[in-house]
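The structure appears right after this line, and notes come after that.
The values are calculated or read from the model by the stated rules, or taken from the named source; none is laboratory data. Just so it is clear, the model here is predicted, and its values are computed rather than measured. All Cβ positions, glycine included, derive from the backbone under ideal geometry; neighbour counts span all protein chains shown. Keep in mind that these areas ignore ligands, DNA and RNA; they rest on the heavy atoms of the full protein, side chains included. Shrake-Rupley method; radii C 1.70, N 1.55, O 1.52, S 1.80 Å.
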Amino acid sequence: MGKDIIPQDVIEQKIFLIRGHKVMIDSDLAELYGVTTKRLNEQVKRNLKRFPRDFMFQLSEKELESLRSHFATSSSWGGRRYPPYAFTEHGAIMAASILNTNRAIEVSVYVVRAFVKLREMIASHKDLARKLEELEKKYDAQFRVVFDAIRELMREPERGQQKKIGFIAKEGRPKYKAERPR
């Protein structure tokens, strides 16, 4: 197996959190596996019994629009008649097995590693929060500001919340204000 067939971070960037599941979109998965989205979806439809709801689901129009607006472009999900399918870790592996190409089998190992890495990061985050609570109980109120600051850094931005960048000029000058995509 080629050591750097696909960089890990490239795969991680293709994993999204939708409906509480970490998933990959069918077109991204097909690209990684070296097949067309059409071929991937044909094989899935021929093998539907292998894809229960916890392996794969179709995005709603609202979810698709949310993904598009998140990236400010239609990306590879535009121009389709139907919303794409989202594959969980198990669904991505099952897709590799039904495609049965050398590339799909080889890349599936990298896909699994990316999902596992994200799962470990989430577990580590929860463990850190638990340890912080224990420390807070141990020390008195003088450290409360420190604990609050750490908690704020660990907090995930609320859905739809975007960080503002730029400046607002003084009166009489044009204003510049932009929003950074999350």
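Tally up the residues in segment 9-53 that are surrounded by fewer than 20 Cβ atoms within 10 Å (Cβ to Cβ), at pLDDT 90 or above and acidic (Asp, Glu), please. Of the residues in segment 9-53, 2 are surrounded by fewer than 20 Cβ atoms within 10 Å (Cβ to Cβ), at pLDDT 90 or above and acidic (Asp, Glu). Report whether or not PHE57 is open to solvent by less than 50 Å² (accessible area, probe 1.4 Å), more than 23 Å from PRO7 (Cβ to Cβ), modelled with pLDDT of 85 or more and among the aromatic types (Phe, Trp, Tyr). Answer is yes for this residue. Going by the structure shown, is ILE93 within 21 Å of ILE122 (Cβ to Cβ), β-branched (Val, Ile, Thr) and at pLDDT 90 or above? Criteria met by ILE93. Report yes if some residue within segment 105-121 is open to solvent by less than 60 Å² (accessible area, probe 1.4 Å) and either touching a Cys at 6+ places or on another chain (Cβ under 7 Å) or modelled with pLDDT under 75 (or both); otherwise report no. No - not one qualifying residue is present in segment 105-121.
Residues of segment 92-104 that are in contact (Cβ under 8 Å) with a residue 60 or more places away in the chain and open to solvent by less than 50 Å² (accessible area, probe 1.4 Å): ALA92, ALA95, ALA96, LEU99, THR101, ALA104. Within segment 122-157, the set of residues being outside any helix (DSSP H, G or I) and at pLDDT 70 or above comprises TYR139, ARG155.
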